[in-house]
Amino acid sequence: MCLRRLSGFGIRRSTDLRHIAYWSAAAQAARFTQQFVPPNPSVARSLPFVAARVDIYKHLKSLGVLAQSGQRANSDNPSDKGPWLPSSVKEFSDFYAGISGDFYAGVSGIKLQRCITAVVEDAKDADEWLTATKLEKMRLLDLRGRGPSVFLSAIPNSAATVITDRDWLFAARFYLGLPPDPFCTHCGACGFRFARDNSDQATHYMCCVKYRRLTVTMRHDALGQHGCVLGRRAGVAAAWEPPPDSGARDRPDGVFHFVGDTLYTDTTVRHAYTPSAMKVVNFKPGAVLESAVKGKKKHYCPFAKENGGRFAALAISTHGRFHEDFLIFIKKLSWEALNNGVVLSEKQRRRFLIQAVAELSIILQRQNAKILYRCVLNSRSYSHGYRYRRGQRRRT
Ligand SMILES: [Zn+2]
C-alpha cells in the first residue's frame, strides 16, 4: 500500500527513505563539512559521518543508483535520472559543492532526494516487472497513463466528487489489482471459474456477458451524462442520447452545440486487459483506447459529416486513464466556459478543468465499485452456491 510510482498509494515507507534522506542531507552540507575532513583518506574514514556516508554509498549502489566519478554528464537537465553517486569520498564535496545554495545544476537538496528516490523505485519496478504476470503488466501499463490516480487526491467539494467508504474500498482494491472478494470461486451470473489466486476476478466482472447490459451499461451512461452536465456548466447546449427525428437509432450518444460548431460525442469505457483486448494491444500502454477511438470514428464520422458537425470519441479505461481526445474535449469545454463568462480568469479556467477531470474520475470509480459490489454479492464459492445451483445436494 505504500507509495510507489506504479503500484501503490499513501506515503512512502520511512525505512525505504532514510538512506536517501541522509545522503541528500549530507550532500547539502558537503561544502561546510569538507573543511573538517582530514586529507588522508584512511584517517578520514574513521570519522563517524564519513563512515556513514561510505556505508550509504554502498547501500544505494546495491539498490541500483549509478555511481559516477567527476561531474555529472548532463548538468543542464535537472530531471536527469543519470548517476547521482560520486564514486569516492573526496569527489563527494566537489560533486555537491554548491547544493546548499539555491540551485546547483538545477538541483536543490530536496530535489536531489526526489531524484534518487525515483531512481531506486525505477530499479525496484524493473525487478518486479520480471516476475509480474501478463495481467499485472497490463494493469501497471494502464496505470501509467494520465488520470488513474486522480481519484486518490480529488477534493470532495461537490456531490460528484464524493465517494463513500464502501466504494472507496472497492476502488482501492481495484487500483491495486486485488480481487474484490478473495473467497469466491465462481462468477454468480455465468458460472465462470476464477483462477486459483482470484487474480482474474475483477477483470471477469468488467467483461462478463451477463453483467454487460446492467451495471456496465450504467457506468457508461453515468459518464456520458456527466459529460453533458459539464457541457451545460460551461454554457454549451448539450444533450444526452438525442432522439432521432427519423431514420436509424444508431447514433453517437452525446451532442454539444458550440458557437458555430456542433460536436457529436460517443462515450466508451474499456478494460485494458480483458482476454479480447489482450489480443489487440500487444503490451502497448493506451493501445486499447486507441483501438476503441479508431473503431468509434469509423462508425460515427459519416453520421457527423452528414449532420454538419464533427465527431469526437470520449474513451477512458476502467482504471481512469483518459484518451488524449477526451482531455482535449474537456479543455475545449473549459475554453468555452471562459468565452461564455462562466469562469472569469485563466486561473479559474484551470480550476474548471481540474474539477471536471476529478468529477469524471470519481464517477467512474463509483460506478466501478457498483459493478464489483453487485458481482461480489452474486458470486458463488465452490462449496456452497455453485453446486446448489446445479441441482446437486450439498455434502456436509
Ligand atoms: Zn460471469
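Value of Rg to Rh for region 159-378, rounded to two decimals, is 1.00; Kirkwood radius and Rg both from alpha-carbon coordinates.
Listed values for region 321-332 are Karplus-derived 3J(HN,Hα) couplings in whole Hz (6.51 cos²θ - 1.76 cosθ + 1.60, θ = phi - 60°), namely 6, 7, 6, 3, 5, 5, 5, 4, 4, 5, 4, 4, and x replaces Gly and Pro. Legend: translational diffusion of region 214-335 by Stokes-Einstein, Rh = Kirkwood radius over C-alpha pairs, 4 °C, 1.567 mPa s; D = 86 µm²/s. With the simple model of a label 7 Å out from the Cα in the direction of the Cβ, residue 335 to residue 279 spans 4.0 nm. The relative contact order of region 159-378 comes to 26 percent, based on Cα pairs under 8 Å that sit 6 or more residues apart. Alpha-carbon geometry of region 229-272: the Rg and the Dmax are 12.1, 36 Å, given in that order. Net charge dipole, the chain: roughly 1540 debye, given to the nearest 20, about the Cα centre with Cβ charges of +1 for Lys and Arg and -1 for Asp and Glu.
Were the residues from residue 350 through residue 294 laid out at 0.36 nm apart, the gain over their Cα-Cα distance would be 17.3 nm.
Calculated FRET efficiency, residue 33 to residue 158, Cβ-Cβ distance, R0 = 35 Å: about 0.10 to the nearest 0.05. Rounded to 0.05, the FRET efficiency of the residue 111 and residue 241 pair, given R0 = 56 Å and the Cβ-Cβ distance, is 0.65. By the equivalent-ellipsoid construction on the alpha carbon gyration tensor, the chain comes out with semi-axes of 48, 31, 17 Å, ordered largest to smallest. Annotation for residue 63 and residue 262: the two label points, set 7 Å from Cα along the Cα-Cβ direction, are 5.9 nm apart. Amide H contacts under 5 Å for residue 262: 310, restricted to partners 5 or more places along the chain or on a different chain, H placed in the peptide plane at 1.01 Å from N. Normalised by the number of residues in the chain, the average gap of Cα pairs under 8 Å and 6 or more apart makes the relative contact order 17 percent.
Label separation (residue 133 vs residue 193): 1.5 nm, computed from points 7 Å beyond Cα along the C-beta direction. For the Cα atoms of the chain, what angle does the longest principal axis make with the long axis of helix 48-62, in degrees from 0 to 90, nearest 10? For helix 48-62, the angle is close to 40 degrees.
Laboratory data are not the source of any read-out in this text; all were calculated from the coordinates shown. Keep in mind it's a predicted model, so treat the numbers as computed, not measured. When we count neighbours, we look across all protein chains shown, and the Cβ atoms used for this are built from the backbone with ideal geometry, even at glycine.
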